[in-house]
Amino acid sequence: MLGIQRIRTTPYHPFSNGMVERLHRTLKQAIRCYDTKWTESLPVVLLGLRAYIKEDLNASCAEMVFGKTIVLPGEFFESSSQTPTDPSEFLLRLRETFRTLKPTPASCHSSTSCFMHTALKTCSHVFARVEGLKPSLTAPYQ
């Protein structure tokens, strides 16, 4: 009626879902390329899979989801042609950079006040919630 084709997959027959199996195969192969533990290499592998341009779509997964390409870690920094090769010149530039640094005031994150209803200033009784571990069947307020 709507042109929707329903495909049933079960955990007992995961091979019936070919797209997921293809993703698992690619993911396993990419993880095996690293010598480290798989938990350490997984973020880099997933970033690579998201940035990989699929030839049939002519776009990456991230580009299709977000509308633009991912900025890879190697693209954050531009290669500088002004890198000094002489250590004394590097030291002079470093000292000059440190001379131009100025301290910035520390931010006070607790400067915002909490909301308190105006009726609380004149009321005679309030319910105070006690956080933490309590025995069972104990009321949350005192």
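Rule-based calculations on the coordinates, nothing more; no lab input. What you are looking at is a predicted structure, and each value in this text was computed from that prediction instead of being measured.
Summary table below
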| item | result |
| --- | --- |
| Fully extended contour minus Cα-Cα distance, from SER88 to ARG50, at 0.36 nm per residue | 9.4 nm |
| Gain upon complete extension [ALA59, LYS37; 0.36 nm per residue less C-alpha separation] | 4.9 nm |
| For ALA59, residues with placed amide H under 5 Å, excluding near neighbours | LYS54 |
